[in-house]
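The numbers here are math on the coordinates, done by the rules we state, and not lab data. What you see is a predicted model; the values in this text were computed from it and never measured. A quick note on method: Cβ atoms are made from the backbone with ideal geometry, for glycine too, and the neighbour counts reach across all protein chains shown.
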Amino acid sequence: MRIALGIEYDGTAYNGWQRQKTGIGVQSLVDNAITKVADEPIETVCAGRTDSGVHASAQVVHFDSSAERPRRGWLLGVNACLPDDISANWAAFVDDEFSARFSATSRTYRYLILNRRVRSALQRNRAWWVYEPLDVQAMQQATKTLLGKHDFSAFRAAGCQASTPIREISSFQLNRTGDWLSLTVTANAFLQHMVRNITGLLVAIGKGDKEPAWAKSVLEGRDRTHGGITAPPHGLTLVDVAYPEQFKIPMGSDLSVPGFVYDASL
């Protein structure tokens, strides 16, 4: 039997999703919890490997098990074995051809920025504090360059193991509500550090250090050393993974944000 789970986690204490030789990956705790419920060794497959310090509200995993449990049993049993900063939100029985990774048609990440003169004690692990004023319109102009299918070599980490740097971004939403800025990006897939590197570039433009046209220059140059800084991981959250309707996988978190919304969808 193949089972899918929707997982959310605060990534602050973990070395990313993937099981680690040193440090703790979220996967190891999830696999251990499912193993206890199934009473047999379990290894999950995830929709997207998040980096150290990155969060998820809508990670999707699947696993195979010969154990027979109702959905409620899987859900409550797994949660009983997880720490407070990791939780399973739903469980579903899926067809054998379903893959949390390969069946996904898109992933959506949201990056949060707190843009004010003073830092936040409560949101220090969930948003990047940028105290310089940000020009949202300039940042909007820059996002247009990045829409569509491109070689995103200039936005990939040096250690990225993806076989190709070609990715297709289908949507940017740049929202501002008071002191909060959120950048929501949807693509077929992402390179390592891709969203964080894009965010670093956009913040440099928003601060006035660079012109919006710089985004096109960096993209076409395909050289990571010519881009902006890498935004810190704690502002980033995996908020949705989309699948074909045939699999009946629950949608991710609500992407609507009150206030000004800029939508550059293709």
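Counting other Cβ atoms within 10 Å of each Cβ, which trypsin sites (Lys or Arg not before Pro) in the stretch 11-81 have at most 13 and sit in a DSSP loop?
Listed in order of number, the matching sites are Lys21.
Could you give me D for the chain, from Stokes-Einstein at 20 °C and 1.002 mPa s, where the hydrodynamic radius is the Kirkwood radius over C-alpha pairs? Units µm² s⁻¹, please.
Approximately 112 µm²/s, per Stokes-Einstein.
At a Förster distance of 45 Å, what's the computed FRET efficiency of Phe93 paired with Lys144, Cβ-Cβ distance as r, to 0.05?
0.60
Tell me the net charge near Ala204. Cut-off is 12 Å between Cβ atoms, Ala204 excluded, with +1 for each Lys or Arg and -1 for each Asp or Glu.
Every neighbour counted, the sum reads -2.
Return P(r) of the stretch 43-95 (all Cα-Cα pairs; 10 Å bins starting at 0; whole %; ordered from short to long distances).
Distribution as computed: 20, 55, 22, 2 percent.
Express the Stokes-Einstein translational diffusion coefficient of the stretch 106-263 in µm² s⁻¹, to the nearest whole number, given a Kirkwood radius over alpha-carbon pairs, 10 °C and a viscosity of 1.306 mPa s.
Here the translational diffusion coefficient equals 99 µm²/s.
So what's Rg/Rh here for the stretch 2-94, counting alpha carbon atoms and using the Kirkwood radius for Rh?
Over the Cα atoms of the stretch 2-94, Rg/Rh equals 0.93.
Could you list which residues have their amide H under 5 Å from that of Val60, counting only those 5 or more apart in sequence or on another chain, with H placed in the peptide plane?
Under 5 Å from the amide H of Val60 lie the amide H atoms of Ile7, Ala47, Gly48, each far enough along the sequence or on another chain.
Within the chain, what's the longest run with no chymotrypsin sites (Phe, Trp or Tyr not before Pro) in a DSSP loop and at most 16 other beta-carbon atoms within 10 Å? Give the range, please.
The answer is 132-266.
Rank Glu43, Glu211, Glu97 by mean-square fluctuation in a GNM of the chain with C-alpha springs under 10 angstrom and give only the top-ranked residue.
Glu97
Taking 0.36 nm per residue of separation and subtracting the Cα-Cα distance, what length does fully extending Arg72 through Asp135 add?
Working it through step by step, the gained length comes to 17.9 nm.
If you average the sequence gap of Cα pairs under 8 Å that are 6 or more apart and divide by the length of the stretch 106-263, what percent do you get for the contact order?
34
Which whole-number percent gives the relative contact order of the stretch 1-40, counting Cα pairs below 8 Å spaced six or more residues apart?
23
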